[in-house]
Amino acid sequence: MRRIKGKFRPSSDMKRIFIFGLLAAGLSTMSAQELSLTSPGDVHSVRIGYVKGAKGDLRYSVDFLGRELIGDSRMGLDLDNHDWEMALALGKRQLKSPDCWMDNFTVDSVAVHAPVDKEWKPLYGERSEVKDRYNSGTMYLSKKDGSNYRLNIEVRAYDEGIAFRYYFPEHPAAVFHKVVEDLTEYTFPSGVMAWSEDWAQAPFERKAIGEIERPVERALTLEYPDGKTWCALTDADVDDWCLTKYIADSKKPNVLRSVMYSPVDIVTYYATPWKVIMGAETPGELLEHNDIILNLNPPCEITDASWVKPGKIMRETTLTMEGAKATIDFCAKHNIPYMLFDWKWYEPCTSHDGDATKVIDRLDMKKVVEYGREHGVGIWLYVNQHALMKQQRELFPLLHEWGIVGVKSGFVQYASHRWATWLHDMVRYAAENKLMMNIHDEFRPSGFSRTYPNLLTQEGIHGNEEWPDATHNVTLPFTRMINGAADYTICYYDPRLKKTTHAHQLAASLVFYSPLQTIFWYDTPSRSKDESELEWFDNLATVFDDSKVLSGYPGRNVTIARKAGDAWYLGTMTNNDARTEKVNLSFLNPDETYLAQIYTDDPSVDTATKVRCRYMTVKSTDAMTFNLPASGGAAVRFIPVSGKDIKKYKRYKGQSL
């Protein structure tokens with residue numbers, strides 16, 4: 001069952017205050033009650049007020065480091081409850097409906113709550129500890145027309161960003177609520193540019209706000225004309241809502257408005273998803289601060305999640321017993337704990353007539369699972385939406401009985417309220433049957449993996465299935481990856497891999513965070529010639545204790561370092577142009593000497609992949625220089641060494657690599 005959005009329960013030390021005043025310059029002509037919050041480190045501040053006039057108007061604004069991030073903007077939702085008022089609310093049938101549901105509210109009070117400052121440990125992630133530190137408040141509104149409607153605006157101010165949501169207290173007459181429009185707008189200074197995508201697997205376009213004429217995806221990353229301010233718009237806790245995008249308001253310059261994919265039917269009490277506005281001084285900070293999305297989701301609801309195990313995965317492409325055994329052998333050799341049978345292991349897989357409880361004749365699933373278990377390789381299966389709709393309740397217990405460890409769902413609907421709740425309920429039911437999940441195609445995350453960590457990853461990215469170029473790839477970390485994990489499907493041997501180098505792909509497997517990291521997509525074991533650089537994939541971690549964005553700019557370049565245990569991993573990538581990257585190693589432990597296992601592009605290497613492997617010792621005081629070819633990259637694994645082991649390798653002395 002879906003989680004019912006919980007009631008707000010004030011803490012005993014909550015301070016309730018009543019504030020009267022003026023909100024912002026745009027509201028200064030009318031009286032308003034205001035809620036003002038500043039983040040713990042004075043990084044972000046937010047003001048919210050309801051202006052009483054001929055029509056009520058809920059407004060807000062956000063500042064970042066004292067600079068305007070979001071100017072005076074509209075807030076709220078529009079509802080069409082007419083039918084339910086007629087059918088359910090006795091004595092309400094003579095009520096006059098306002099032009100907009102938000103028009104006739106009154107602010108009853110404003111409350112500021114006790115500060116929150118805590119840390120928690122995720123089951124896995126880009127960091128092993130997450131700080132959850134914010135100031136919060138609530139504005140309480142109600143209607144005085146006899147309708148008994150109430151609305152709370154819940155707000156949190158983090159140093160990482162501002163988040164707010166709309167909360168509906170329980171209606172005494174049990175009137176159902178039909179939300180038909182999200183009125184939330186975002187007003188930007190003139191000259192702001194956005195990296196936008198029309199759909200989740202689309203290429204990027206850099207546009208001015210007014211040029212966004214079709215709804216675009218979240219996260220939406222924006223650069224301000226001052227050169228020192230960045231912003232990202234996204235959402236969190238979206239398991240019981242519809243997809244919401246952004247589009248330019250045709251009548252208001254520099255304003256984005258919200259676009260709901262479908263109406264949302266709710267039963268009070270109920271909280272909407274969180275709307276998240278992040279400010280930063282660099283685009284890399286937006287990615288480093290994306291834990292705010294996890295913080296806005298409920299804690300893990302799986303009592304014993306010991307069976308949820310991140311790792312790498314390889315697809316078996318032939319759907320034969322011979323191919324399955326060869327792929328399992330390859331996975332075992334290269335420390336890949338999972339193998340996937342993608343579509344067509346049951347047929348027809350894109351029709352309601354398909355039956356996912358029956359395996360095609362040329363595969364003996366029981367023997368495959370047994371062979372995989374003997375070699376330490378778990379088996380995942382692709383299942384299309386048709387079979388998931390028709391057979392999920394029967395199928396998931398059966399797959400668990402077969403010994404299947406995970407399901408990759410394909411071509412799933414997710415955008416409407418109906419399909420969003422169906423999709424997240426599917427993840428819950430998978431957890432009941434101890435099945436991990438990878439949701440493919442258009443779905444993008446909003447932090448649900450904190451609550452149900454069996455959802456290891458999802459696609460929602462223009463990845464290697466469509467062979468993007470390097471410029472696209474170095475845009476992704478500062479845009480799509482803000483949402484969370486993405487299954488980019490790393491390719492390596494396939495001859496269609498022509499737009500990037502192989503070292504670029506090595507680096508991408510670190511840069512694009514995914515607890516279930518698909519590598520060798522489209523490949524077969526026979527294509528491998530045991531190239532030396534495969535040790536990068538052999539040793540690659542997929543979850544981390546720390547992650548740092550060292551440098552980068554959307555569409556130009558990116559360098560990211562991640563820590564797992566005592567080892568650090570570094571990936572650096574350039575766009576379609578050649579570039580020299582100088583990487584300061586100050587993230588390393590200053591008390592250690594490290595062996596740097598270095599993988600770079602080199603056309604003189606006598607392999608098809610043209611990757612050179614070098615091994616040198618480094619310290620935290622060093623800076624490494626990489627001469628990256630057009631569409632190239634480099635990957636480095638740093639492991640501590642001591643004593644005699646240090647003398648086995650040459651010392652890095654600042655030379656270009």
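With a sphere of radius 12 Å drawn around the Cβ of Ala431, what net charge do the other residues whose Cβ falls strictly inside it have (Lys, Arg +1; Asp, Glu -1)? Write down the numbers at each step before the final one.
Numbers: positive: Arg428, Lys434; negative: Glu301, Asp304, Asp425, Glu432.
Here the charged neighbours net out to -2.
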For the stretch 190-279, give the magnitude of the charge dipole about the Cα centre (Cβ charges: +1 Lys/Arg, -1 Asp/Glu; no others), in debye to the nearest 20.
-> 360 debye
Any lysines whose Cα falls less than 22 Å from that of Lys644, other than same-chain ones fewer than 8 residues away, would be Lys619, Lys653
Modelled label-to-label distance, Ala114 and Leu398, 7 Å Cα→beta-carbon offset: nm?
-> 5.2 nm
Placing +1 on each Lys and Arg Cβ and -1 on each Asp and Glu Cβ in the chain, then taking the dipole about the Cα centre, the residue among Ala486, Ile646, Gly284 whose Cα reaches farthest towards the positive end is Ile646
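Given R₀ = 35 Å, what would the calculated FRET efficiency be for Ser306 paired with Asn589, taking r from the Cβ atoms and rounding to 0.05?
Working: r = 30 Å, r/R0 = 0.86.
Plugging the Cβ-Cβ distance into 1/(1 + (r/R0)^6) gives 0.70.
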With a ≥ b ≥ c taken as the square roots of the eigenvalues of the C-alpha gyration tensor of the stretch 360-432, please select rounded if a/c is under 1.5 and otherwise prolate if a/b is larger than b/c or oblate if it is not?
-> prolate
In this structure, the FRET efficiency calculated for Lys582 and Trp467 from their beta-carbon separation, with R0 = 30 Å, to the nearest 0.05, is 0.50
Report, in deg cm²/dmol and to the nearest 500, the calculated mean residue ellipticity at 222 nm for the chain, where each DSSP H run with n ≥ 4 adds -39500 (n - 2.57) and the sum is divided by the residue count.
-> -4500 deg cm²/dmol
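With a 10 Å radius around each residue's Cβ, average the other Cβ atoms per peptide and rank 480-492, 555-567, highest first. Walk me through the intermediate numbers first.
On the way: 480-492: 24.8, 555-567: 20.5.
The packing order, highest mean first, is 480-492, 555-567.
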For the stretch 221-232, 3J(HN,Hα) per residue [Karplus equation, 6.51 cos²θ - 1.76 cosθ + 1.60, θ = phi - 60°, Hz, x = Gly/Pro] | 9, 10, 10, 8, x, 6, x, 10, 10, 10, 9, 9
How big is the gap, in Å, between the Cα center of the stretch 377-405 and the Cα center of the stretch 559-596?
-> 40 Å
Once both label points are put 7 Å beyond Cα along the C-beta direction, the Ala173-Ser656 separation in nm becomes 7.6 nm
Measure off, as a whole percent, the carbon and sulfur share of the 1.4 Å-probe accessible area of the chain, all protein chains present.
-> 49 percent
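Which value, in debye to the nearest 20, gives the size of the charge dipole of the chain about its Cα centre, when Lys and Arg are +1 and Asp and Glu are -1 at the Cβ? Numbers along the way, then the final one.
Numbers: 79 positive and 88 negative charges, 145 e Å.
So the dipole magnitude of the chain works out to roughly 700 debye.
Stretched out fully, how many nm does the piece from Asp546 to Thr621 gain, at 0.36 nm a residue minus the Cα gap? List each step's numbers first, then the result.
Working: separation 75, 0.36 × 75 = 27.00 nm, distance 1.94 nm.
Between Asp546 and Thr621, full extension yields 25.1 nm more.
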In whole Hz, the Karplus estimates of ³J(HN,Hα) for the stretch 250-260 (6.51, -1.76, 1.60; θ = phi - 60°; x where Gly or Pro) are 5, 10, 10, x, 6, 10, 9, 10, 8, 10, 7
In debye, nearest 20: dipole of the stretch 239-291 around its Cα centre with unit charges on the Cβ of K, R (+) and D, E (-)?
-> 480 debye
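Hey, got a sec? Which GluC sites (Glu not before Pro) in the stretch 112-150 land in a DSSP loop and have at most 15 other Cβ atoms within 10 Å? Show your work: numbers first, answer last.
Working: sites: Glu119, Glu126, Glu129; in loops: Glu126, Glu129.
Here the sparse-neighbourhood loop sites are Glu129.
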At a Cα cut-off below 30 Å, give the lysines reachable from Lys143, other chains included and same-chain residues fewer than 8 away excluded.
-> Lys5, Lys7, Lys15, Lys52, Lys55, Lys92, Lys96, Lys178, Lys245, Lys251, Lys252, Lys275
Relative contact order computed over the chain (Cα-Cα under 8 Å; 6+ residues apart), in percent | 10 percent
Which whole-percent values make up P(r) of the stretch 203-324 when all C-alpha to C-alpha distances are grouped in 5 Å steps starting at zero?
-> 2, 8, 13, 15, 16, 13, 11, 9, 7, 4, 2, 1, 0
Quickly work out the Thr282-to-Met321 label distance, labels modelled 7 Å from Cα along the C-beta direction, and quote it in nm with one decimal.
-> 5.6 nm
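Quick one: if the Förster radius is 25 Å, what FRET efficiency do Arg373 and Cys613 give, using the C-beta to C-beta distance and rounding to 0.05?
Details: r = 33 Å, r/R0 = 1.31.
Using R0 = 25 Å, I get an efficiency of 0.15.
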Charge dipole of the stretch 226-355 about the Cα centre (unit charges at C-beta), most positive-ward option of Ala232, Tyr261, Ala324 | Ala232
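In what sequence, highest mean first, do 548-554, 472-478 appear when ranked by Cβ atoms within 10 angstrom? Display every interim value, and only then the final one.
Values: 548-554: 19.3, 472-478: 26.4.
The densest-packed peptide leads the list: 472-478, 548-554.
Per the Kirkwood definition applied to all pairs of different Cα atoms, how many angstroms is the hydrodynamic radius of the stretch 511-575?
Details: mean 1/r = 0.0737 Å⁻¹.
It works out to 13.6 Å.
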Length released on extending from Cys100 to Asp145, taking residue separation times 0.36 nm less the Cα-Cα span = 14.8 nm
Rank Pro603, Ala541, Pro590 by how far each Cα sits towards the positive end of the charge dipole of the stretch 481-625 (+1 on Lys, Arg Cβ; -1 on Asp, Glu Cβ) and give me just the farthest.
-> Pro603
Calculate one ³J(HN,Hα) per residue across the stretch 550-557 by plugging θ = phi - 60° into the Karplus curve 6.51 cos²θ - 1.76 cosθ + 1.60, and present them in order as whole Hz with x for glycine and proline.
-> 7, 6, x, 8, x, x, 10, 6
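What order do you get for 358-365, 631-638, 533-540 when each peptide is scored by the mean count of other beta carbon atoms within 10 Å, highest first?
On the way: 358-365: 14.1, 631-638: 26.2, 533-540: 19.6.
Packing order, densest peptide first, comes out as 631-638, 533-540, 358-365.
For the stretch 121-259, what is the accessible area per residue in Å² when the probe is 1.4 Å? Intermediate values should be presented prior to the final figure.
Details: 4770 Å² over 139 residues.
With all protein chains present, the stretch 121-259 gives 34 Å² per residue.
The values are calculated or read from the model by the stated rules, or taken from the named source; none is laboratory data. What you see is a predicted model; the values in this text were computed from it and never measured. Every residue, glycine as well, gets a Cβ built from its backbone with ideal geometry; the counts of neighbours run over all protein chains shown. All accessible areas refer to the heavy atoms of the entire protein, side chains included, with ligands and DNA or RNA removed. Shrake-Rupley method; radii C 1.70, N 1.55, O 1.52, S 1.80 Å.
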